[in-house]
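Trainee: A single structure is presented below for examination.
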Amino acid sequence: LFAVLVALYEEPEKPNSALDFLKHHLGASAPENPEIEALRLEVAEMKEKYEAVLEENKKLKTKVTVYLAFLSSSMSH
């Protein structure tokens, strides 16, 4: 802690927040940036949409397979 306080004292351009300076130099994370949280939410939403699209794709592939099997069997008769 003493070394960090000395570094703060010796810093030529003083930071806006001494507390953030201390947290950064002691290894604690700074408060979350609101943009980062917004991006995390967007990623979570995109993952949900992706999973829904994968499920829809699977169902459509099954329908196409059934349809092609029906066409194939009706053409052979």
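Trainee: Using alpha carbons only, how many degrees (0 to 90, rounded to 10) separate the axis of helix 34-75 from the longest principal axis of the chain?
Mentor: Here the helix axis deviates by roughly 10 degrees.
Trainee: Rounded to the nearest 0.05, what FRET efficiency do TYR9 and ARG40 have when you use their Cβ-Cβ distance and R0 = 30 Å? Before the final figure, lay out each step's value.
Mentor: Values: r = 36 Å, r/R0 = 1.21.
According to the calculation, E is roughly 0.25.
Trainee: Which entry is the computed Kirkwood radius over Cα pairs in Å for this structure: [x] 13.1; [y] 13.6; [z] 18.0?
Mentor: Structure-derived value, by its label: [z].
Trainee: About the Cα centre of the chain, what is the dipole size in debye to 20, counting +1 per Lys and Arg Cβ and -1 per Asp and Glu Cβ, all else neutral?
Mentor: Working: 9 positive and 13 negative charges, 155 e Å.
Using only the charged Cβ atoms, the result is roughly 740 debye.
Trainee: May I pose another question? Probe radius 1.4 Å, ligands and nucleic acids left out: which of VAL64, VAL6 has the largest accessible area, and how do the rest follow? Don't jump to the answer; show the numbers that get you there.
Mentor: Numbers: VAL64 80, VAL6 50 Å².
Ranking VAL64, VAL6 by accessible area, largest first, yields VAL64, VAL6.
The values are calculated or read from the model by the stated rules, or taken from the named source; none is laboratory data. Note that the coordinates shown come from a computational prediction; the quantities given were computed from them, not determined experimentally. Every residue, glycine as well, gets a Cβ built from its backbone with ideal geometry; the counts of neighbours run over all protein chains shown. These accessible areas exclude ligands, DNA and RNA; they are computed on the full protein's heavy atoms, side chains included. Shrake-Rupley method; radii C 1.70, N 1.55, O 1.52, S 1.80 Å.
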